[in-house]
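The next block holds one structure in the form of C-alpha cells; read it before the comments.
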Amino acid sequence: MPYSRNMKNIFVLGGTGFVGSHVCEQLVRAGWQVTVPTRRRVHAQAIQHLPGLTVLELDVHDEAALTRAMAGHAAVINLVAILHGDAAAFAKAHVQLTEKVARACLANSVSHLVHISALGADSSRMRTAPSYYLRSKSAAEAVLVQVAAATPALRVSLLRPSVIFGAGDQFLNVFAKLQAIFPFIPLAGADARFQPVWVCDVAQAVVRVLNLPPGGHGVQARELVGPDVMRLRDLVHMAGALSGAGDGKGRPIFGLPMWAARIQAFFMELPPGAPLMSRDNLDSMRVDNIATAGMPGLAQLGITAAAIEPVARGYLRR
C-alpha cells in the first residue's frame, strides 16, 4: 500500500538491533508510522508488535529494492553498523550503504536523514583515524557532507554516541558474565576513557532531532554522551561489582600492555562469531571516547543524560 507524505512516515534501517528497537519504540510513542527493513522477518520479533510499525523483508544493500521501499517516507534513520571485520566489511556496512541510503533519499525527496555515527568520527579524519571502524564511520560522514552540500532540500543530522549501555547491551552485560566465570580479568585497553550514554537517551535524542523546527538544512552533528567519564577498567569493575561477582566486590583486573593486548585480541578473532575484542577495537581505543568541548549534545535537545551506575545497577543485578 503506498504511503501518504501527509503522514509522519519514517524508514528505519537497523531498527531490529539493540539501539534500533529502543528508537522504534520511542518513534511509535511519538506518533510516527515506522517502516523497518530486515533481511529476515524473524529478526524483528522484539518490535513487530508495536502499533503503526511495518516490517519489510528486504536486503538493504540492494539499492533498487531499497529505493522502492523508501518511497513515500518523509524521514530516514540509518542505524546500521558493525564493530568487527576487515576493511572491506567496514566499507560495505558504513560507507557503501550510506551512499546507497543517500541516493535513495534523493530519489524519493526525503526531507530529513538521521545518521547514527560514532564518537570520534569526523569527515576530516577519514584517512587519519586510528582504526578501520573510525575511518569508515568518518568516510560515511564525508559522504553525507558532500550530499547535503549539493542538495539543500535534504537535512542531515549526525548523531555521534559514545559506547551505549542499557538492559540487553553487549557491553556491561558481557563483562558481568565474564566475572561470573573467571577469578580475574586480563584487560586490553584498560586505561582507555569512555563517556557511556544510556540507550534510552540516544533513542530520545533521535525523536527530539526529528521534531526540531524546519530549516537549518545541511549537516548538523551532535555528540551523545553521559555525565560520567570512566576508564575501561573502572567500567569493567563496576559491572562485576553490581552483578555480585566476587561477593559484590568484582574481580581483580589486570591491564595488559599493548603487545600482550594485541596477541589476546588476535586469538579472540579466531573463533567463529563476533569476538569480545579485536585488534581494530584496540586501535579505536587509542583515542579517548569522550565529548569534544563546545559540541552540541543531549543538553541542547533538552535531555538530561542519565548516570551509568543507577541504570546499570537495575539490570545487572538481575
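Given (1) surrounded by 20 or more Cβ atoms within 10 Å (Cβ to Cβ); (2) part of a helix (DSSP H, G or I); (3) hydrophobic (A, V, I, L, M, F, W, C), identify the lone condition not met by residue 149.
(1)
Looking at segment 107-127 only, could you name the residues that are in a helix (DSSP H, G or I) and among the polar types (S, T, N, Q)?
Within segment 107-127, 123, 124 qualify.
Across segment 269-301, what is the total count of residues that are closer than 16 Å to residue 171 by Cα, in contact with a helix residue (DSSP H, G or I) (Cβ under 9 Å, 6 or more places away or on another chain) and of a type in the set (A, V, I, L, M, F, W, C)?
Counting residues in segment 269-301 that are closer than 16 Å to residue 171 by Cα, in contact with a helix residue (DSSP H, G or I) (Cβ under 9 Å, 6 or more places away or on another chain) and of a type in the set (A, V, I, L, M, F, W, C) gives 4.
Hey, can you tell me all the residues within segment 219-230 that are over 12 Å from residue 162 (Cβ atoms) and either of a type in the set (Gly, Ala, Ser) or touching a Phe, Trp or Tyr at 6+ places or on another chain (Cβ under 8 Å) (or both)?
Result: 221, single match.
Among the candidates 81, 88, 93, 75, which residue alone is at pLDDT 95 or above, closer than 17 Å to residue 134 by Cβ and either acidic (Asp, Glu) or in contact with a Lys or Arg (Cβ under 9 Å, 6 or more places away or on another chain) (or both)?
81
Take residues that are in the same structural domain as residue 154 (by TED's automatic domain parsing) and surrounded by fewer than 19 Cβ atoms within 10 Å (Cβ to Cβ) and tell me which of the strands (runs of 3 or more DSSP E) falling wholly in segment 175-274 contain 1 or more.
218-224
Which numbered condition in (1) assigned to a loop (DSSP other than H, G, I, E, B); (2) modelled with pLDDT of 95 or more; (3) surrounded by 17 or more Cβ atoms within 10 Å (Cβ to Cβ) is the only one that residue 312 fails?
Failed condition: (1).
The values are calculated or read from the model by the stated rules, or taken from the named source; none is laboratory data. Predicted, not measured: the structure shown is a model, and the values here were computed from it. As a convention, Cβ positions derive from the backbone with ideal geometry for all residues, glycine included, and neighbour counts pool all protein chains shown.
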